[in-house]
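Here is the structure we will look at.
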Amino acid sequence: MRGGGLADLLGKANVHPLELGRVGAAVREGGEVDHHVSGGEAAAAQVEAHGLMARALHGGAQRAANEAGRACDYDAHRGRRSRRAARILTMGLRFYPVILSGGSGTRLWPMSRKLLPKQFLALLSRHTLLQETALRVRPIPGCEPPIVVCNDEQRFLAADQLREIGVQAAPMILEPVGRNTAPAIAVAALAARERSPDALLLVLPSDHTITRPEVFRRDAAAALELASRGYLATFGIVPSAPETGFGYIERGAPLEGGACKVASFREKPDRASAEEFVASGRFLWNSGMFAFSAAKYLDELARLRPEMLAAATKAYSKSVRDLDFLRLERETFAACPSDSIDYAVMEKTADAVVVQSDPGWSDVGTWSALWGISPKDAAGNVALGDVYLRDSGDCYVRSEKRHVSAIGLKDVVVVETEDAVLVAARERSQDVKEAVANLEAKSRTEHISHTRVHRPWGYYESVDAGERFQVKRIMVQPGAALSLQMHHHRAEHWVVVSGTAKVTRGEDQLLVSENESVFIPIGIKHRLENPGKMPLYLIEVQSGGYLGEDDIVRFEDRYQRK
């Protein structure tokens, strides 16, 4: 059937401009949106369409409709099923992606750590999950720079990763303490509303993955259109199995365009309930992704949780600018009630709608989940890094530093890092939390950080340690500098391996080149800088009675650390 073209829409009263943009997509994109439009017809009409759209949007609707009817007519619902349609659907709308990056989970230990959670890991491509999230939304028309909410410890890591892909957060909001998603989204909405009273928000976790981004962009555009009409839209993922690790959304009455009102939200079910949900066909997985206007969300929060909005507003109003970051006032934000957006707003509002989506979504919550979405060999294995497999099937084997050989394994996860190795039955990979709890109980550090620790100026990684000594490899980014500091309990010896170091030692400043070294005695003020255009690499040997990272007295720091 070929109904629903531009001529049909322009004949209607009160047509939303987004519908015009969506239907014009086939013409403007050379027929790639709609298979009912031939490439020749689309090419001939391509230039004409731009003028038609402009005239339609500015009052010449009937004349443009007559001309457009000769150029193309196509099924709008099928046209929306493509990547090109998503590029047109939000024509005229501006929206802010809100990327929530405050998590510090260890569900993918030993890769993820408290100081390096999974959103900062490259698990499926050369980009980290945070980078993929930012890149995924950028092609949607109307996309403004993202508003990123993260915690203080990870601020430089988040900023650096976004900078690597050419994204500048506007702004990056720092939570002094975690207060769950509802307050985090509230401060992001306040920031967006400052920029535009009619701002739309597309709220996204930073640690999920999507394997069909063109489907996501299409459905995100549909959700934003609903948001522009005053709805609070969530994304419901078509379930592929009766999972017990996700919440579920029950679909209610259908709306025009394929979305539905939300009938109910359901907690993570037991196995029998999950099977019942999936069999009914009425339930979708709760993805934790949302679209709404900043004003609508704040209005609903004011009605449903006024004390939460009051605390978030006060913390935002008392925030201070720190370099490229916006620091929320600690005491006020710490007093804010902690709750998820589902509990605080979505389960109580009368305007919740769900957009059904099947974009290849995963919350990457376990190693088994990551195995499920990763490319596999003929035996069902995922092998990453320096790995040798023999007579093994349906395994996930990852090597970060050393060679790993696996022989005769079935349904097993093996993950090797420099300081820890995980071996687990794949069906038990969710129990990695028990291994992390064991490390924590024994006051070990393998669950807190990797041997490589990122800093705003670069990174350091431990090479060796023993009684009264520690050896580190240090990289300082071009133009970066460590703080002017002093240690009470340790001396340091620096050997430059590559590049040139500018060293402040007491009242002296000196340049130290490759294969040269410098000694920093206990109690002397010192600073290390990289004045060059290439990374600076050096070996640091610490010696003394106490070598902890908290033995630092900072006098000056361009990154304003305490």
Task: Filtered residues of the range 138-155 (kept if surrounded by fewer than 21 Cβ atoms within 10 Å (Cβ to Cβ) and either out of contact with any strand residue (DSSP E or B) (no Cβ under 7 Å at 6 or more places or on another chain) or part of a helix (DSSP H, G or I) (or both)) - done: Arg138, Pro139, Pro141, Pro145, Asp152, Glu153
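Which residues, taken from the range 278-309, are polar (S, T, N, Q) and over 24 Å from Pro97 (Cβ atoms)? Spell out how you get there, then give the answer.
Keep residues of the range 278-309 that are polar (S, T, N, Q), which gives 280, 286-287, 293.
Ser280, the sole residue that qualifies.
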Open item on the list: Please determine whether any residue of the range 334-355 is within 30 Å of Gln560 (Cα to Cα) and crowded, with 18+ Cβ neighbours inside 10 Å.
Closed with: yes
Task: Condition check for Pro213: within 20 Å of Asn180 (Cα to Cα), surrounded by fewer than 24 Cβ atoms within 10 Å (Cβ to Cβ) and out of contact with any Phe, Trp or Tyr (no Cβ under 8 Å at 6 or more places or on another chain) - done: no
Open item on the list: Quick test of your reading of the structure: Arg303 fulfils all but one of (1) without any contact (Cβ under 8 Å) to a residue 24 or more places away in the chain; (2) part of a loop (DSSP other than H, G, I, E, B); (3) not assigned by TED's automatic domain parsing to the domain that holds Lys433. Name the failing condition by number.
Closed with: (2)
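For the range 509-562: of the residues being part of a loop (DSSP other than H, G, I, E, B) and among the aromatic types (Phe, Trp, Tyr), which is nearest to His488 (Cα to Cα)?
The residue in question is Tyr546.
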- [ ] Please state which one of Glu400, Glu492, Glu416, Glu461 is over 27 Å from Met534 (Cβ atoms), among the acidic types (Asp, Glu) and either touching a strand residue (DSSP E or B) at 6+ places or on another chain (Cβ under 7 Å) or not assigned by TED's automatic domain parsing to the domain that holds Glu153 (or both).
- [x] Glu416
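State which residue is surrounded by the fewest Cβ atoms within 10 Å (Cβ to Cβ) when the search covers only the range 452-485 and only residues that are of a type in the set (D, E, K, R) and outside any strand (DSSP E or B).
So in the range 452-485, the residues of a type in the set (D, E, K, R) come out as 452, 455, 461, 464, 467-468, 472-473.
So of that shortlist, the ones also outside any strand (DSSP E or B) come out as 467-468.
Working: Glu467: 4, Arg468: 12.
Among those residues, the one meeting the criterion is Glu467.
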Task: Of the criteria (1) touching a Pro at 6+ places or on another chain (Cβ under 6 Å); (2) at pLDDT below 95; (3) not hydroxyl-bearing (Ser, Thr, Tyr), which one Cys336 fails - done: (2)
Task: Inter-residue pairs, beta-carbon under 6 Å, first farther than 24 Å from Glu446 by Cβ and in the range 113-133, second in a helix (DSSP H, G or I), 6+ apart - done: Gln131/Gln161
Open item on the list: For the range 228-277, give me each residue that is surrounded by 15 or more Cβ atoms within 10 Å (Cβ to Cβ), among the polar types (S, T, N, Q) and out of contact with any helix residue (DSSP H, G or I) (no Cβ under 9 Å at 6 or more places or on another chain).
Closed with: Ser273
Open item on the list: Among the numbered criteria (1) more than 29 Å from the chain's Cα centre (by Cα); (2) hydroxyl-bearing (Ser, Thr, Tyr); (3) under 30 Å from Gly544 (Cα atoms); (4) modelled with pLDDT of 95 or more, which one does Ser443 miss?
Closed with: (4)
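Table: residues versus (1) modelled with pLDDT under 95; (2) over 28 Å from Met111 (Cβ atoms); (3) not β-branched (Val, Ile, Thr).
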position	(1), (2), (3)
Leu200	no, yes, yes
Pro213	no, no, yes
Phe216	no, no, yes
Leu226	no, yes, yes
Gly230	no, yes, yes
Thr234	no, yes, no
Ala241	yes, no, yes
Task: Among the candidates Leu298, Leu309, Leu326, residue that is of a type in the set (A, V, I, L, M) and touching a Ser or Thr at 6+ places or on another chain (Cβ under 8 Å) - done: Leu326
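Quick one: would you say Ser405 is within 28 Å of the chain's Cα centre (by Cα), surrounded by fewer than 20 Cβ atoms within 10 Å (Cβ to Cβ) and of a type in the set (Gly, Ala, Ser)? Working first, answer last.
Details: within 28 Å of the chain's Cα centre (by Cα): no; surrounded by fewer than 20 Cβ atoms within 10 Å (Cβ to Cβ): yes; of a type in the set (Gly, Ala, Ser): yes.
Against the criterion (within 28 Å of the chain's Cα centre (by Cα), surrounded by fewer than 20 Cβ atoms within 10 Å (Cβ to Cβ) and of a type in the set (Gly, Ala, Ser)), Ser405 does not qualify.
Could you pull out the residue among Val496, Val413, Val423 that is in a strand (DSSP E or B) and surrounded by fewer than 18 Cβ atoms within 10 Å (Cβ to Cβ)?
Numbers: Val496 fails: surrounded by fewer than 18 Cβ atoms within 10 Å (Cβ to Cβ); Val413 fails: surrounded by fewer than 18 Cβ atoms within 10 Å (Cβ to Cβ).
The conditions single out Val423.
If we keep just the residues of the range 526-562 that are polar (S, T, N, Q) and surrounded by fewer than 17 Cβ atoms within 10 Å (Cβ to Cβ), which is nearest to Arg473 (Cα to Cα)?
The initial filter retains those residues of the range 526-562 that are polar (S, T, N, Q), namely 530, 542-543, 560.
Still in the list and also surrounded by fewer than 17 Cβ atoms within 10 Å (Cβ to Cβ): 543, 560.
Details: Ser543: 15, Gln560: 24 Å.
Among those that are polar (S, T, N, Q) and surrounded by fewer than 17 Cβ atoms within 10 Å (Cβ to Cβ), it is Ser543.
Quick one: would you say Ala272 is free of Cβ contacts under 8 Å to residues at least 24 places away in the same chain and out of contact with any Leu (no Cβ under 8 Å at 6 or more places or on another chain)?
yes
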Task: Selected residue [farther than 27 Å from Glu153 by Cβ, small (Gly, Ala, Ser) and under 26 Å from the mean Cα position of the chain (by Cα)] from Ala352, Ala334, Ala378 - done: Ala352
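Before we move on, is His488 farther than 18 Å from Ile520 by Cα and either in a strand (DSSP E or B) or modelled with pLDDT of 95 or more (or both)?
Working: farther than 18 Å from Ile520 by Cα: no; either in a strand (DSSP E or B) or modelled with pLDDT of 95 or more (or both): yes.
Criteria not met by His488.
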Open item on the list: I'd like the residue in the range 362-379 that is hydroxyl-bearing (Ser, Thr, Tyr) and outside any loop (DSSP other than H, G, I, E, B) and, out of all such residues, is farthest from Glu132 (Cα to Cα).
Closed with: Ser368
Task: the range 279-298 - residue that is touching a strand residue (DSSP E or B) at 6+ places or on another chain (Cβ under 9 Å) and in a helix (DSSP H, G or I) and, of those, farthest from Asp339 (Cα to Cα) - done: Ser280
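Considering only the range 108-135, how many residues are charged (D, E, K, R) and surrounded by 20 or more Cβ atoms within 10 Å (Cβ to Cβ)? Please lay out each step first, then the result.
From the range 108-135, those charged (D, E, K, R) are 113-114, 118, 126, 132; that's our starting set.
Then drop every residue that is not surrounded by 20 or more Cβ atoms within 10 Å (Cβ to Cβ), which leaves 113, 118, 132.
Residues that pass the stated criteria total 3.
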- [ ] Scan the range 241-259 and give yes if some residue there is among the polar types (S, T, N, Q) and either more than 24 Å from Ala344 (Cα to Cα) or touching a Phe, Trp or Tyr at 6+ places or on another chain (Cβ under 7 Å) (or both), otherwise no.
- [x] no
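The values are calculated or read from the model by the stated rules, or taken from the named source; none is laboratory data. These figures come from a predicted structure and were not determined experimentally. Cβ: placed from backbone, ideal geometry, glycine included. Neighbour counts: every protein chain shown.
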